[in-house]
Structures are given as C-alpha cells and as structure tokens.
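Before any comments, here is the structure.
Quick note: the coordinates plus some simple rules give every number you see, no bench work behind them. Since we're looking at a predicted model, the values are computed, not measured. Heads up, the Cβs are rebuilt from the backbone with ideal geometry, glycines too, and the neighbour counts pull from every protein chain shown.
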Amino acid sequence: SKSEEAKSEVSKDASKLIVVGYAQVGAESDWRTANTESFKSTFVPENGYELIFNDAQQKQENQIKAIRDFIQQEVDYIVLAPVVETGWDTVLQEAKDAGIPVILSDRMIKTSDDSLYTALVCGDFIKEGETAGHWLEDYLKSKNVAADEKINIVTLQGTIGASAQVGRTDGFANILGQNANWNMLAKQTGEFTQSKGQEVMESFLKQFDDIDVVVAENDNMAFGAIDAIKAAGKTCGPKGDITVISFDAVKAAFDAMIAGDLNASIECSPLHGPRVAEIIQKLEKGETVDKIQYVDESYFDTSMDLEKIKAGRAY
Ligand code: AHR
C-alpha cells in the first residue's frame, strides 16, 4: 500500500548515513596522526556516518580542491582543518551556495564573513602561547634566576600563517613583553615537522652559542631540536644547558620529559572527532550550536607524576 511504501521510505531515510568530508591538513606530526585517528574512529557506519577523508599534505591548494570535490559529491557536512588562516572565502562561499554546512576543526580562519562557517572547535592558541610564557616565568623564578639576567630564546615556529603558529607566537610574545630580560634571538619555521625542526635548530646552534631556551611550537619540532642539541654536544632539559618547551603533549613528549630532555609541553587536544560529531548531531536535530568552542587545556612538566598521567592518555 501507499502508506507502507511511505513507511519504508522513512526507514530507508533513517538508515541513511550522514556523509562527512574531512579536509585534513596532512600527516606532519604525532598530534595530526592522533587527530586523523579520532575522525576515522568516530565517523564510522556504526555511528551513522560515512567519512570521506582527504590528506592535503600541508598544501592549501589541495584543501581547496578537496572541498570542491566534496561539494560535487554532495556531502552532508564539510569539516575543514585549515592549514593557514587566510584565503578561504571563495571556496567556502561555494559550499554555502551549495547549502553544505562547514565546520572548522582544530584551526581557525580569517574572514570578514562569519556566515561562511557554522561552528569552530579548536584549542585557544593564544592562551597556549601565554601558558608557555607563564611556565617559563615560574621556572626561572624556581631556579632563582635574577630578574636582570639575560635569557636568550629561540623559537621554532609552526607553519607560517597557521592559526596554531600565529596564536602560539603571539601568546608567548605577550609574556615576553612583560619580561625585560628575555631576549628573542631568532624565530624560524620548522613547518611542524621533526626533520625541519632539527634542521632549523642545527642552524640556530651554529649562529648562536648562548641559547638558554627553545620554544618549539609543537612536540615533533622539539624532538628534532633535542637531537640537534645533543649532536652539537650540548645538553637540554631540567638538568641541561638548554630549556626546551613545546606544545601538544603527545605520548612521545611524556617520554622525552621522563628521559629528562624536554622540560614542559603545553597541552593541545587532537581529539576533535567526537566534538565535531556532537555538533553535527545537534544540527541534525535542528538545535543551535555555539559558534566558537575552545577546548579546555592544561600543561605538563617534569615536576609532575608523568608516568601516571601518560598511562591515562589516549594519544
Ligand atoms: O593545529 C595544531 C597543530 O598542528 C599541532 O600543534 C601540530 O602538532 C599540528 O601539526
């Protein structure tokens, strides 16, 4: 009968998977791998989703192409982890014209039209940079470093123009501005990768023989920096010549702190899969969602029971 036909249409609809296209940055770091895993394990058919995953190899042009492909495939939602902040308006307008909601995950964009995205869930990168600065203030105090003793700092920056880079650089600079004895010797990008971090640190060590502190804008660049420091015959960590601070707090960072090579890592959560799924579920029900959602984050250092904390962590 007609009504039975209608009923079976409804049940077919109810069993229809929600198709999500994820334009991922790349696979440049442990954090990124954990983030990809978080999406791949959340957006599965058992949870009602089909995931179309694209790895852009850290290139914006690849992400733009992926978004255009998602639009062509008429996905239900587009999730974008934007490699850099600028240059999204045209392609996001295309998604909007196609009626596909865009959820920004992990990093933000600069746009004059906020209607181009539905929601944003990410870490507060400026706050992370400030946390790193405050950590250094406290650490130097605990070491009884005189307020007029010069502290020479170098920074390994993330991908230039990525909100994770911009926020961490600016946040740390805010605290540096309050400490007249802190001296930023140099800042250079290590592209958020271990190999580039190592390469840049090698060149810093050749240029400057008096580095006191390295700020690495992610853990993997810190691991590269630690290798470079050791290869140059210097030591690092709480008992070494050079203090190393990084961001992310992935498992390997806990190992580096336990080994005494890394002083502190400022937390950045990669587990955005379930957070984005929650946003999509609300949108499916016609509920409103908070436009900007910052994840609560902390920091870890060698004064803590790191073995115990590490054991309880998923990434
Ligand atoms: O946007 C988050 C940053 O991107 C993480 O700190 C870094 O590891 C990743 O590549």
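Modelled label-to-label distance, Lys234 and Ala314, 7 Å Cα→beta-carbon offset: nm?
Placing both labels 7 Å beyond Cα along the Cβ direction yields 3.8 nm.
Would you mind telling me which residue in Glu267, Glu287, Glu85 has the biggest mean-square fluctuation in a Gaussian network model of the chain, where springs connect alpha carbons within a distance under 10 angstrom?
Checking each option, the largest mean-square fluctuation is seen for Glu287.
For labels at Ser303 and Thr86 in the simple 7 Å Cα→Cβ model, what's the distance in nm?
About 4.0 nm, to one decimal.
How many percent of DSSP beta bridges within the chain run antiparallel, rounded to 5?
Looking only at bridges with both residues in the chain, the antiparallel portion is about 5 percent.
Assign unit charges at the C-beta atoms only (+1 for Lys and Arg, -1 for Asp and Glu), then state the dipole size of the range 112-243 relative to its Cα centre in Debye, rounded to the nearest 20.
380 debye
222 nm [θ] for the chain, helices only, -39500 (n - 2.57) per DSSP H run of 4+, per residue, to 500?
-13000 deg cm²/dmol
Simple spin-label model, 7 Å along Cα-to-Cβ: Gln178 to Val145 in nm?
1.6 nm
Using a Förster radius of 22 Å, what is the FRET efficiency between Asp55 and Ser195 based on their Cβ-Cβ separation? Nearest 0.05, please.
Values: r = 18 Å, r/R0 = 0.82.
Between Asp55 and Ser195 the formula returns 0.75.
Principal axis lengths of the chain from Cα atoms, whole Å, largest first?
Answer, in whole Å and largest first: 85, 41, 32 Å.
Quick one: length gained pulling Glu284 to Val44 fully straight, 0.36 nm per residue minus the C-alpha distance?
Taking 0.36 nm per residue and subtracting the Cα distance, the gain is 84.7 nm.
For Thr189, what is the net charge nearby, where nearby means another residue's Cβ is under 14 Å from its Cβ and Lys, Arg count +1, Asp, Glu -1? Walk me through the numbers on the way to the answer.
Working: positive: Arg168, Lys187, Lys196; negative: Glu28, Glu191, Glu199, Glu217.
With Lys, Arg at +1 and Asp, Glu at -1, the net is -1.
For Gln73 and Lys16 in the same chain, what is the full-extension length gain: residue separation times 0.36 nm, less their Cα-Cα distance, in nm?
Taking 0.36 nm per residue and subtracting the Cα distance, the gain is 19.0 nm.
What residue among Ala180, Ala146, Ala259 shows peak mean-square fluctuation when the chain is described by a Gaussian network model with Cα springs under 10 Å?
Among Ala180, Ala146, Ala259, the largest mean-square fluctuation in the Gaussian network model of the chain belongs to Ala146.
With a cut-off of 8 Å between alpha carbons and a minimum separation of six or more residues, what is the relative contact order of the chain in percent?
Averaging sequence separation for qualifying contacts and normalising by length gives 16 percent for the chain.
Place a +1 charge on the Cβ of each Lys and Arg in the chain and a -1 charge on the Cβ of each Asp and Glu, then give the dipole magnitude about the Cα centre in debye, rounded to the nearest 20.
Details: 31 positive and 52 negative charges, 41 e Å.
Charge dipole, the chain, about its Cα centre: 200 debye, nearest 20.
Report ³J(HN,Hα) in whole Hz for each residue of the range 294-303, in order, from the Karplus equation J = 6.51 cos²θ - 1.76 cosθ + 1.60 where θ = phi - 60°; Gly and Pro get x.
Coupling constants for the range 294-303: 8, 8, 5, 9, 10, 8, 9, 8, 6, 7 Hz.
Using the charge dipole of the chain (Lys, Arg: +1 at Cβ; Asp, Glu: -1 at Cβ; taken about the Cα centre), state which of Val215, Leu205, Val84 has its Cα farthest towards the positive end.
Result: Leu205.
How much FRET efficiency would the formula 1/(1 + (r/R0)^6) give for Asp114 and Asp209, where r is the Cβ-Cβ distance and R0 is 41 Å, rounded to 0.05?
0.30
So for Met184, Met108, fewest C-beta neighbours within 10 Å to most, what's the order?
Listing Met184, Met108 from fewest to most nearby Cβ atoms yields Met184, Met108.
Kindly write out, for the range 184-201 in residue order, the coupling ³J(HN,Hα) from the Karplus curve 6.51 cos²θ - 1.76 cosθ + 1.60 (θ = phi - 60°), rounded to whole Hz, with x marking Gly and Pro.
Computed from phi, the couplings for the range 184-201 are 7, 6, 6, 10, 8, 7, x, 6, 6, 10, 5, 5, 5, x, 5, 4, 5, 5 Hz.
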